[in-house]
Amino acid sequence: RRLMCFWKFQRCKRHEYSLSGTPLNEALSYMFKQIPKFIAANNVEKLSFITLTDGEGGALWPRHTSRGSLEESRYDYNQKNEYVKIKQKHYLQDPVTKKTYPFGRNPSVQTESIIRMIKDRFGVSTVGFYVTQNNRRNLESVINSNIPGFNGNTYTLIESMRRDFRDNGFHSIKTSGRDDLFIIPVNSMRVQDSEVEVAEKHTAKQIARQFTKVMSGRKTSRVLLNQFIGYVA
């Protein structure tokens, strides 16, 4: 319920559906109603939850509101009637599982917590695809938005990402709340002429086999496909 309140407030703040950023966290919060409907309607036994984005989400709660604040500190009177600075930590509790998750103003922390909540409540595997430009500014943004609290050497990590881009066409991050997040540079997304031929008589399994055959024609696609299949098979 709290997440839906966040989503509704943000939607009003942004003038309904006007374009002003990547609505990743809004979309994730909406999934708490949609996932059980999808499972029930399709009689699903094993579900994989997949996100595809070209940017990080924004915070679900503004810095100051009449409903409260997600600030990391506030000033108030203590027991000695002294006006002092008090540190605050905020958490979100899932009313179903009763598990708690960190939930501050940092949008990347919000993203990670919401995805972990989805995984814990519905028992799904969680995989993400993040398409980005292969330049320092964008890769720093990828690090900041998908590795909350990162305090390592940014230069070293970017060089490691670029080596993976050259060798495999993607870089894998496993600390974003998902089982795996595949960072894919734009140049690895070039469309080739290979096509999947689908006839009316083909079954879903036959179509999937053709798709796999086309994708496996490229080393980049083959390596990524093998890892992806490991999560959804």
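A few remarks follow.
- Cross-link pairs 87/119; 46/99; 33/99 - those with Cα-Cα distance over 20 Å: 87/119; 46/99
- Ranked by the mean number of other Cβ atoms within 10 Å of their residues, highest first, the peptides 177-184, 89-96, 166-173 fall in the order 177-184, 166-173, 89-96.
- Cut-off under 5 Å, modelled amide H: who pairs with residue 132 long-range: 184, 186
Rule-based calculations on the coordinates, nothing more; no lab input. Note that the structure is predicted; figures quoted are calculated from it, not measured. Virtual Cβ from ideal backbone geometry, glycine too; neighbours counted across all protein chains shown.
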